[in-house]
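As structure tokens, the structure follows; a few thoughts come after it.
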Amino acid sequence: MYDESLSYYEVLCKCVASLNEVIESTNQLNDNVADINSRENELADKVNEIAEEINGFEIRPYRDGLYLYS
């Protein structure tokens with residue numbers, strides 16, 4: 001009477017569970033990226049303070065690294 005195949009409802013439940021895991025992971029990733037950006041800005045500020053004290057240089061972050069301006 002019953003076979004081992006999943007019902008439509010069971011498949012749907014598994015899909016929803018998987019989708020919820022993906023959403024949770026994405027949200028965590030977004031939080032991690034925001035934290036990294038915040039720390040990068042803090043680091044750039046500290047580096048600028050030190051560079052200004054040493055030589056009067058200012059370092060401005062850009063997408064792929066840092067530019068050094070005098």
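The values are calculated or read from the model by the stated rules, or taken from the named source; none is laboratory data. Being a predicted model, the structure only gives us computed values, none of them experimental. Cβ atoms come from the backbone with ideal geometry, glycine included; neighbour counts cover every protein chain shown. With ligands, DNA and RNA removed, areas are computed over all heavy atoms of the protein, side chains included. Shrake-Rupley method; radii C 1.70, N 1.55, O 1.52, S 1.80 Å.
Of all residues assigned to the stretch 30-47, at least one qualifies as being among the β-branched types (Val, Ile, Thr) and modelled with pLDDT under 90. Filter the stretch 19-45 for residues that are open to solvent by 70 Å² or more (accessible area, probe 1.4 Å) and in contact (Cβ under 8 Å) with a residue 12 or more places away in the chain and give the result. Of everything in the stretch 19-45, those that are open to solvent by 70 Å² or more (accessible area, probe 1.4 Å) and in contact (Cβ under 8 Å) with a residue 12 or more places away in the chain turn out to be Glu40, Asn41. Filter the stretch 48-70 for residues that are of a type in the set (Gly, Ala, Ser) and at pLDDT below 75; which is surrounded by the most Cβ atoms within 10 Å (Cβ to Cβ)? By that ranking, first place goes to Gly56.
Can you pull out every residue in the stretch 2-18 that is modelled with pLDDT under 80 and either surrounded by 10 or more Cβ atoms within 10 Å (Cβ to Cβ) or among the basic types (Lys, Arg) (or both)? Reasoning before the result, please.
As a first pass, look at the stretch 2-18 and keep what is modelled with pLDDT under 80: 2-6.
Selection gives Leu6 alone.
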